[in-house]
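The values are calculated or read from the model by the stated rules, or taken from the named source; none is laboratory data. All values reported here derive from a predicted model rather than from experimental measurement. Note that each Cβ is placed from the backbone with ideal geometry, even for glycine, and that neighbours are counted across all protein chains shown. When the accessible area is computed, the model is the full protein with side chains, heavy atoms only, and any ligands, DNA or RNA have been set aside. Shrake-Rupley method; radii C 1.70, N 1.55, O 1.52, S 1.80 Å.
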Amino acid sequence: MSPPIKEDADPSATSFVHSETSGLKEASVMFQSAVDGDVSVSFSHVHLYVDRVDAMSVYKEFEQKLNMLSRRISPCSESADVESSRLVWESINPTRFGGSKTGSFETENRDVVKQLLAGFGFRVTGTRMREDSASAKVNTRSVLVTSRDPRGVQFVVTALDDCISPVTIENGVTNVDTDEFFHFDASHLHQFFEAHDQRQGVAVLAFEATPGSLETIYQRYKEMHPKLLLPTPIFQYEGGTKVLEVFAFYLGEKCQSEPDVGTKLRFIESSSSSSASTRASCVLPGLQHINAEFDDSSQPAYCDHWVSNVVSRTGFLDTLEDTLGFTPKVDFNAGVVAAGEAQIESTVTGNDPRFVSSDKESALKDQSQVYLPINNALSSVGHVGGFLREIGQGVQHIASRVDDLISFIQRCNDYRKMTGEGFTFLNIPRSYYGVLTEKQLVHGISSSTHPSDDTREEELNGSTAQGISESCASSILIALEKSGVISSEGAVDLDLDASDIDDALEKHLIMDPSSSSDHVEEYRNKKQEVIDIILRSRYTNLYSLLRHHLSAESYLGIVKNQILVDVQGEDLLYQIFTCPILQRLSGEEAPFLEFIQRVCSECKDPNGCPAKMKPGCGGFGIRNFLTLFLSIEVSKAMLDVSRARSLLVVSSTDDGDKNQQSRTRRELQFAKEMVQLFTNQLNESNPILTELSDAMTQEGVARAALLEITTTVMTSDDDTDYMTTAAAARRQMWESHLKNAQDAKAMGHEKLMLCSSKYKNLMKELREQHDDDNMKHEAVGSRLPQVG
C-alpha cells in the first residue's frame, strides 16, 4: 500500500501549539456547545483481530499456573528473585517455557492473550466461542481480556474458527451462517485482513454512548459522511442494546474519496442506566461472562488514549468534529517531531466531558475523557510512513493508565524473565537519563535539598559546589571504566551501590600507573561527594526536571525499566511503550501498547482544599513524544545491527559468499551509524526539551496568576483606587512574565526545529553515502572474473 505522503514540508511554517492558548479552531466553539447537549461518549473497548484464539480451557489453565507462581514467590516491592522464581515456574509448568533460558525473547508469533495474562496480570473475563455457546450461529472465536477492574481497559480478541469451512460467496450467499451478533461475524475479519495486507491488528475502537446519543451520531454520519456508513449500520439486540459501526477513515480526502474499509468505530448504547464508571463488564452484546482470579501484584488499568496513523489527518479530525463534536487539544506540527529524515505531524483531538475531581482514584478511573491522537507522515521514511506503506491506515497504539507505573512495569519485566511470556519495551538510550562526565566530577553537584530557582542552572551544570581536580577526575573515569563500573559512554552500572564503587576506585586508582598518590588522597578526602555524584549521574537528566520530588529508589526504578518522564506545570507524566505486538515476522510494522501514569498536582485552592484535577493532567509531553519517535527508530536500527551480526556469524562458519559477507558488513556499519545518529539527536534535543518544559511551566504559572487576579477583582467588594492600582500593577508584572515565558518557548521551538533539520540532513547524507557504496561494490563485483 502506498498512501500519499507529503514530502519536505516547511518546518518553519508550523510549531508545537496548545489549542487552549492559541485559539485553534475558534469557529468550532459554538458547535462544540451544541454537540455536548445531545452526544456523549466514553471509552469502552478495543477489538483485535488475530490469527488464532485458543480454547478457554487453555487460557484458564495458564491463569491458574500464573496464580500458583504468584503465591509461591516472595513478594518484593522492587523486583522478585527472578532466577529462583523461574525455577518455581518450571516446576509448575515443566513442559513449556516461552522464551530462551539464555534471556533472549522473540516478540513475533506470540499469543497476545497469553502476553496480557503473564505480562500485566490481566485475565480472561468473557468469551464467545462455538463450543461454549448454545447458539449454532457462531463463526469466530473471541475472548474478553481485562485488568482486575472490569470497568477499565477491555481487549476483545477475535480469530476465525478453524473448525468452520472458509467463507465462500456464491450468488451473493455465503456458505457460513452469519453470526447472530453481527459484530463478531467472520466477514469483518476477512474484510480487515484484506485491507491490511493480511496483518493482525486493532480493528475496532469502541465507545459507549449515553441514551439518545447513538441515533444522533448516526444521523450526522448519514448527513455529512454517508460513505462511512456500513450497509446495515445499526443493530438492536435483545434487551434493547444498540450497536452502530462506521468506517473510521476515508482512503484519501474526506467526502471525496471512498471509505477505507479496514478500521471501524463502534458505538454502543446500552439499555442499562449504568454508566461506564459503574457497569460491571463490557457492554458488547454476545459475550459470556467468565469468572477470573487475579493475583495480588496485578494492577487495574484504564483507557487513556488511542492513536491512529492516517493519510489525511485533517480529514479525520474534521469527521470526528462533524459527528462527535471532538475538537483539537494539542498539535505537534512539522519540524517538531522528527527522527533523522523521518518527520510526522500529530494532533490530539477529543471530547469535553467537563469532568473534574479532587479525588485521585476518581481521576484514575474516569473513562469519560476521550483523547484520540492522530498522526500523518511527512516523509516516506520512518515508522509512520512505513506503517502506512506496509499495513495501511489504522490504529498505531493503545494507551492505558495505571496508578503505579514503576511497579507495573517491574512486574512485567520480572514475569517475562520468569515465565518466558509477556512483553518487551522500546530501547531508550541511557543518555536520555544521564551519564557520568568529567565536568560533573570537577565541579560537583550541590546536595542542597531545597535549591532556589535562581541557582538551579548553575547547580545542574555543577558550578555551585567545589569538586575535584581535572586530573583526578580523569583518573577516576579511567578507573571506573577499567573496573566495569561505567561503560565507554559513561553509563554507570545500575546494580552497584556506594561500597561497590568505593571498592573499585580504591583498587584501580592505586593500580593505575597514571594515577598519582595525590589523586588517591584527593579522592579519599572527598569520597562521599564523589560517590554521590557517580550514583546520581545515572539519572541526572531526570533530576534536573524533578529534583527531590522522587527518591533515589524511584529514580533507579524509572531508569531500570526505561520509563519516560515529562513535566507540565506541576503535573508529571510517566510513559512506556512495548515493542510491536501481533507481529508474524521480525521487523514488520505493527501496533504496540503504551502504559502511563499521570501524577496530578497536589496544589490547594484558595480555601485550602485540594485543587480539582482534570483528565489528562501531565498532558501529551513534547519531550516524551519526540523520545518515542526517536526510540522507535533506534530500536529498528538496533534490530538491523543484531540481524547483520547474526548473518555474519552464519556466513563466517559456512564459508559463504564473500560478496554477501561484504554487503552484510556494510549493512552492519550503516545500522550502527544510524543508531549513533539517532542517539546523538536525542542527546542534543534533551536540554532543548528541558528549556521548553521550563518555559511552558512558567507560562502556566503566569496564566494562573492572571486568572486569579481577574477573579479576585471581579468578586471583591473593595473597589477603592488602592485595590484597582494594586491589581493593575500585579497584572502588569504577570503579563511581563507571561511574555517572557512565551518568548522562551518560541526560542525553544526554533532550536528544536534547527536540531531536527540538522539531523535530517546528516541522516540523508549517511543514507546516500551508503547507497553509493553499495552501487560501487556491486559494480566492482560484476566486473570480477568468474571462477570455473
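Only a single item in (1) buried (at least 22 other Cβ atoms within 10 Å of the Cβ); (2) at pLDDT below 95 is not met by residue 381, and it is number (1). Restricting attention to the range 659-671, the residues being surrounded by fewer than 16 Cβ atoms within 10 Å (Cβ to Cβ) and modelled with pLDDT of 85 or more number 3.
A quick yes/no check of all residues on (1) farther than 23 Å from residue 153 by Cα; (2) open to solvent by 10 Å² or more (accessible area, probe 1.4 Å); (3) free of Cβ contacts under 8 Å to residues at least 24 places away in the same chain; (4) touching a His at 6+ places or on another chain (Cβ under 9 Å):
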| position | (1), (2), (3), (4) |
| --- | --- |
| 299 | no, yes, no, no |
| 307 | no, no, no, yes |
| 321 | yes, yes, no, no |
| 327 | yes, yes, no, no |
| 341 | yes, yes, no, no |
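Of the residues making up the range 474-504, those that are in a helix (DSSP H, G or I) and in contact (Cβ under 8 Å) with a residue 12 or more places away in the chain number 13. Checked against the criterion of being hydrophobic (A, V, I, L, M, F, W, C) and within 24 Å of residue 699 (Cα to Cα), the candidates 573, 556, 582, 593 yield just one match: 573. Would you confirm whether or not the range 360-376 contains a residue that is more than 12 Å from residue 629 (Cβ to Cβ) and free of Cβ contacts under 8 Å to residues at least 60 places away in the same chain? The answer is yes; a qualifying residue exists. Within the range 196-211, the set of residues being in contact with an Asp or Glu (Cβ under 7 Å, 6 or more places away or on another chain) and either open to solvent by 10 Å² or more (accessible area, probe 1.4 Å) or hydroxyl-bearing (Ser, Thr, Tyr) (or both) comprises 197, 200, 211. Scanning the range 243-265 for residues that are open to solvent by 20 Å² or more (accessible area, probe 1.4 Å), closer than 27 Å to residue 45 by Cβ and in contact (Cβ under 8 Å) with a residue 40 or more places away in the chain turns up 251, 254, 261.
Of the residues in the range 678-708, how many are of a type in the set (A, V, I, L, M, F, W, C) and more than 22 Å from the chain's Cα centre (by Cα)? Spell out the reasoning first.
Going through the range 678-708, the residues of a type in the set (A, V, I, L, M, F, W, C) turn out to be 678, 682, 688-689, 692, 695-696, 701-702, 704-707.
Right, trim to more than 22 Å from the chain's Cα centre (by Cα) and you get 695, 701-702, 704-707.
Of the residues in the range 678-708, 7 are of a type in the set (A, V, I, L, M, F, W, C) and more than 22 Å from the chain's Cα centre (by Cα).
Restricted to the range 212-230, and to residues there that are open to solvent by less than 10 Å² (accessible area, probe 1.4 Å) and either aliphatic (A, V, I, L, M) or assigned to a helix (DSSP H, G or I) (or both), the residue that is nearest to residue 243 (Cα to Cα) is 214.
Go through the range 559-570 and give me each residue that's under 13 Å from residue 697 (Cβ atoms) and open to solvent by 10 Å² or more (accessible area, probe 1.4 Å).
Those that are under 13 Å from residue 697 (Cβ atoms) and open to solvent by 10 Å² or more (accessible area, probe 1.4 Å): 567, 568, 569, 570.
Could you tell me whether any residue of the range 137-150 is at pLDDT below 90, open to solvent by 70 Å² or more (accessible area, probe 1.4 Å) and either among the charged types (D, E, K, R) or assigned to a loop (DSSP other than H, G, I, E, B) (or both)? Yes.
Listed here are the residues, each with its yes/no results for (1) closer than 20 Å to residue 764 by Cα; (2) open to solvent by 10 Å² or more (accessible area, probe 1.4 Å).
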| site | (1), (2) |
| --- | --- |
| 363 | no, yes |
| 366 | no, yes |
| 370 | no, no |
| 376 | no, no |
| 385 | yes, no |
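Looking at the range 266-281, which of the residues that are open to solvent by less than 20 Å² (accessible area, probe 1.4 Å) and not charged (D, E, K, R) is modelled with the lowest pLDDT? Applying the filter and picking the extreme gives 276. When residue 738 is tested against the conditions (1) modelled with pLDDT of 85 or more; (2) surrounded by 14 or more Cβ atoms within 10 Å (Cβ to Cβ); (3) under 29 Å from residue 676 (Cα atoms), the lone failure is (3). If you scan the range 453-492, which residues turn out to be modelled with pLDDT under 85 and under 32 Å from the mean Cα position of the chain (by Cα)? Once the filter is applied, which keeps residues that are modelled with pLDDT under 85 and under 32 Å from the mean Cα position of the chain (by Cα), the range 453-492 yields 453, 456, 457, 459, 460, 461, 488, 489. Scan the range 111-122 and give yes if some residue there is buried (at least 18 other Cβ atoms within 10 Å of the Cβ), basic (Lys, Arg), outside any strand (DSSP E or B) and modelled with pLDDT of 95 or more, otherwise no. The answer is yes, given that some residue of the range 111-122 is buried (at least 18 other Cβ atoms within 10 Å of the Cβ), basic (Lys, Arg), outside any strand (DSSP E or B) and modelled with pLDDT of 95 or more. Checking the structure you have, find out if any residue of the range 540-554 is open to solvent by less than 50 Å² (accessible area, probe 1.4 Å), touching a Leu at 6+ places or on another chain (Cβ under 7 Å) and at pLDDT 85 or above. No, every residue in the range 540-554 fails to be open to solvent by less than 50 Å² (accessible area, probe 1.4 Å), touching a Leu at 6+ places or on another chain (Cβ under 7 Å) and at pLDDT 85 or above. Just one of (1) surrounded by 16 or more Cβ atoms within 10 Å (Cβ to Cβ); (2) in contact with a Lys or Arg (Cβ under 9 Å, 6 or more places away or on another chain) fails for residue 236. It is (1). Taking the range 352-376 only, how many residues are in a loop (DSSP other than H, G, I, E, B), at pLDDT 90 or above and not hydroxyl-bearing (Ser, Thr, Tyr)? Total satisfying the criteria: 3. Within the range 402-423, the set of residues being out of contact with any helix residue (DSSP H, G or I) (no Cβ under 7 Å at 6 or more places or on another chain) and not in a helix (DSSP H, G or I) comprises 404, 420. Does residue 732 satisfy the condition of being open to solvent by 40 Å² or more (accessible area, probe 1.4 Å), farther than 20 Å from residue 623 by Cα and modelled with pLDDT of 80 or more? Spelling it out, residue 732 is indeed open to solvent by 40 Å² or more (accessible area, probe 1.4 Å), farther than 20 Å from residue 623 by Cα and modelled with pLDDT of 80 or more.
When residue 583 is tested against (1) at pLDDT 80 or above; (2) within 14 Å of the chain's Cα centre (by Cα); (3) not hydrophobic (A, V, I, L, M, F, W, C), only condition (2) is not met.
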